[in-house]
Amino acid sequence: MSLRPVILFLLALALSACAGTSKVMLGQARPPVDPAQVRIYTTPPPGSIEIAQLESSSAVGFGTQGQTDAAVARLKREAAALGANGVILMGVGSSGSPVGMSVGAGSYGRHSAGGIGIGIPTTQKKAAGVAIYVPPGAEPTQP
């Protein structure tokens, strides 16, 4: 039995499990900013203006810190595209996506064939936040 169909299936699965971002607009978008200027907050700074609620996900993998970082970086990029210079991080979590494949067996006359089964438990990291604009001088100075 050839492994080529298995490899093609896994490749198609990997391509279909792409990362993404969704948004719900809460206010007016502003001109885009550099994603490096977007700060992460746990609480809204005084004077901040909400722009959008964001959710992002990483590519499917095995639940690494890199996936979490990728989901948060995706939030920052989307916020920057909306002109937000901050994101209030609401939470980060995981969703499992067990993937399985099996190939059956059968016979016809004197001919018979076998099959294989593969199960790959994978995880996708998700992050949620609110894109905000913090006007200059609205943030308290930090020591």
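Restricted to the range 54-87, and to residues there that are of a type in the set (Val, Ile, Thr) and over 19 Å from PRO32 (Cβ atoms), the residue that is modelled with the lowest pLDDT is VAL60. Within the range 14-28, one or more residues are surrounded by 13 or more Cβ atoms within 10 Å (Cβ to Cβ) and at pLDDT 85 or above. As a summary of the residue check, SER112 satisfies the conditions (1) modelled with pLDDT of 85 or more; (2) surrounded by fewer than 15 Cβ atoms within 10 Å (Cβ to Cβ); (3) over 13 Å from GLN124 (Cα atoms) except for the one numbered (1). For the range 30-37, the count of residues that are of a type in the set (Val, Ile, Thr) and either surrounded by fewer than 15 Cβ atoms within 10 Å (Cβ to Cβ) or closer than 27 Å to PRO136 by Cβ (or both) is at least one.
Scanning the range 130-143 for residues that are part of a loop (DSSP other than H, G, I, E, B) and either modelled with pLDDT of 80 or more or surrounded by 12 or more Cβ atoms within 10 Å (Cβ to Cβ) (or both) yields VAL134, PRO135, PRO136, ALA138, GLU139. When GLY47 is tested against the conditions (1) at pLDDT below 95; (2) over 22 Å from GLY137 (Cβ atoms); (3) surrounded by 12 or more Cβ atoms within 10 Å (Cβ to Cβ), the lone failure is (2).
The values are calculated or read from the model by the stated rules, or taken from the named source; none is laboratory data. Computed from a predicted model, the values in this text were never measured in an experiment. Backbone-built Cβ (ideal geometry, glycine too); neighbour counts: all protein chains shown.
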